[in-house]
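Below: one structure, written as structure tokens.
Nothing in this text is a laboratory measurement; each read-out follows from the coordinates by a stated rule. As the structure is a computational prediction, the values presented were derived from the model and not from experiment. All Cβ positions, glycine included, derive from the backbone under ideal geometry; neighbour counts span all protein chains shown.
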Amino acid sequence: MKSFSTRLIISFLMIILGGFLSVYFLFNVIMENHITSEALRKLNDDMSAIEEWFSIARIFDFGFYENGDANGYAFVLDGINFQELADLYTPNVPYEQLYRHPIGAIGQSGLHTDFIMIHQDEVVFPFVYFLSYNHQARVEALSDFYVNNRAYFDDKAMVMFANESCTFYMMATTSCFLGIPVTFIAYTNVTSSIVFSDSMNRTLMILLTGFGLIGIVISIVMYRKHKMATLRLCCYAEAIGNGMYNDAVGKFVHSEFDQLSKSMTKMAGMLQSYENSQKQFYQNVTHELKAPLMSIQGYAESIIDDVFSKDKAAQIILAEGVKMSELVEGLLYISRLDSGLETSHTLFSTSIRNLLYDCYEKMRIVAEAAKKQIVFDLPNNDFSIKTDDKKLEIAIVNILANAIKYAKSEVKVSCEMVTDVVKIHVQDDGKGIDPKDLPHIFDRFYKGIQGNHGIGLAISKDVIESLGGNIQAENLSYPQHGAKFTITLRA
């Protein structure tokens, strides 16, 4: 299985490689398209100029013949030799440069156009005898290419010709004068543009390779930092798993890792708190079970030794057994809450009045035995809420039991509807809750003065919160006295 860091560096390298190839490919496509389109535009413009020149030349009596002078072949128009014709149209252009004018050097393009005139597959212009060897070889090569591949030049098509050293784009047009066909071939040398493109390619490759190497170095550095941070967090997680919650992992350069380390530190604190509460839980359970067990054991031995009467010993054993049964039942309920087995609820529309009277019936005998009474102060109009009445009854009964235990003579139960919530109040007329116990009264196994097991109110709080409500405890203000519990549920 590949690590995240490995995948990260591979993805980064693929992005670099993909970007390199994309830039290289796009650059070459754009350069090739630019050279081709510029050559086509230039050749089209110059072909239009050639055709216009042809149309002007038709007003003369056009003829060809060989002049036997020292210049070799000459092109003559009814007694006007080519030099005079050149002076007529391009008076400032020397004869030797006429093949570049008036066509090729005019315009804004970076490319220059030259032309060749062919009659009966022979070059009649420029006069090859006045050209350098390289230029002469170029003209002959281009004219031969046209003669051998004439079909490619239909409809003024632009044709590429390349030899070992140069690359040209060519375009040809043919016209007749007095029945004599004359072909003009315009051509432009794009070798310099191609050389420039190749040079740019090499430069671009060097630059992209350099940036690629820099990117690889950066990705490796990032990979190492990421791996080291991940290993530090893994070691910290293993330390938490081994119970070493106070080991500090330190700070990280990147905010994401630093935030993760803070979350893990917070988690370690919660786990430590939970572990401490579990240890306290087992200690309290052991203590709570040990006392009644020792009492039962002692009175059982007293029966055997005839120290106490059997009736008295049996009553004490029964009372201690009831305490143990209540404690075990509460522990089992808390265990189900912690394991999530009590999270599902069966919701019914429940009458608050009927629910409180059911709780009263369960606690009436306990109150009478303690010589205390339960007083109801309920509104005339009954109202209902949708809740799990069985679990809510358990919570209210635990609160009533606590109130009966600490009341002086009376426990008052009331309820009210406030906007969209129902509030149930249970208050006693006892001494109230010790201020130092008030913040911990709903903690598991926390026992105040004369407390029993410390799980009744904890169960009530867990049940009510699981039903979407909350519970609060407070001492009544002077001149009243006693404790008051308020249960808030959504109607």
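Assorted remarks:
- Treating each Cα of the range 200-241 as an identical point scatterer and summing with the Debye formula, the log10 of I(q)/I(0) at q = 0.28 Å⁻¹ comes to -0.85.
- Calculated FRET efficiency, Ser335 to Ser22, Cβ-Cβ distance, R0 = 60 Å: about 0.45 to the nearest 0.05.
- For the pair Leu347 and Leu318, label points projected 7 Å from Cα toward Cβ lie 4.4 nm apart.
- Label-point gap, in nm, between Met270 and Arg490 - each point 7 angstrom along Cα→Cβ: 2.3
- Residues Tyr299, Tyr274, Tyr223 arranged by fewest to most Cβ contacts within 10 Å: Tyr274, Tyr223, Tyr299
- Between Tyr282 and Gln472, the contour length at 0.36 nm per residue exceeds the alpha carbon distance by 65.7 nm.
- Residues whose amide H comes within less than 5 Å of that of Val422, counting only those at least five positions distant or on another chain, are Leu489, Arg490, Ala491 (H built at 1.01 Å from N in the peptide plane).
- Charge tally for Phe308 (other residues, Cβ to Cβ under 15 Å; Lys, Arg +1; Asp, Glu -1): -3.
- Counting 0.36 nm for each residue step from Met14 to Lys390 and taking away their Cα separation leaves a gain of 129.1 nm.
- Once the Cβ-Cβ distance of Glu368 and Val418 is raised to the sixth power relative to R0 = 45 Å, the FRET efficiency obtained is 0.85.
- For the range 255-339, average projected area of the Cα convex hull in nm²: 6.8
- Extension gain for Asn354-Glu326 works out to 7.6 nm (0.36 nm per residue, less the C-alpha to C-alpha distance).
- From the alpha carbon centroid of the range 413-438 to that of the range 208-256 is 53 Å.
- Fewest-first ordering of Thr419, Thr113 by other beta carbons within 10 Å of each residue's beta carbon gives Thr419, Thr113.
- Nearest-0.05 FRET efficiency for Ala162 and Ile220, computed from C-beta distance (R0 51 Å): 0.70
- All Cα-Cα distances of the range 297-396, cut into 5 Å bins from zero to the largest, leave 2, 10, 12, 14, 14, 14, 12, 8, 6, 4, 3, 1, 0 percent in each bin in turn.
- Ranked by how many other Cβ atoms sit within 10 Å of their own Cβ, fewest first, the residues Cys235, Cys359 fall in the order Cys235, Cys359.
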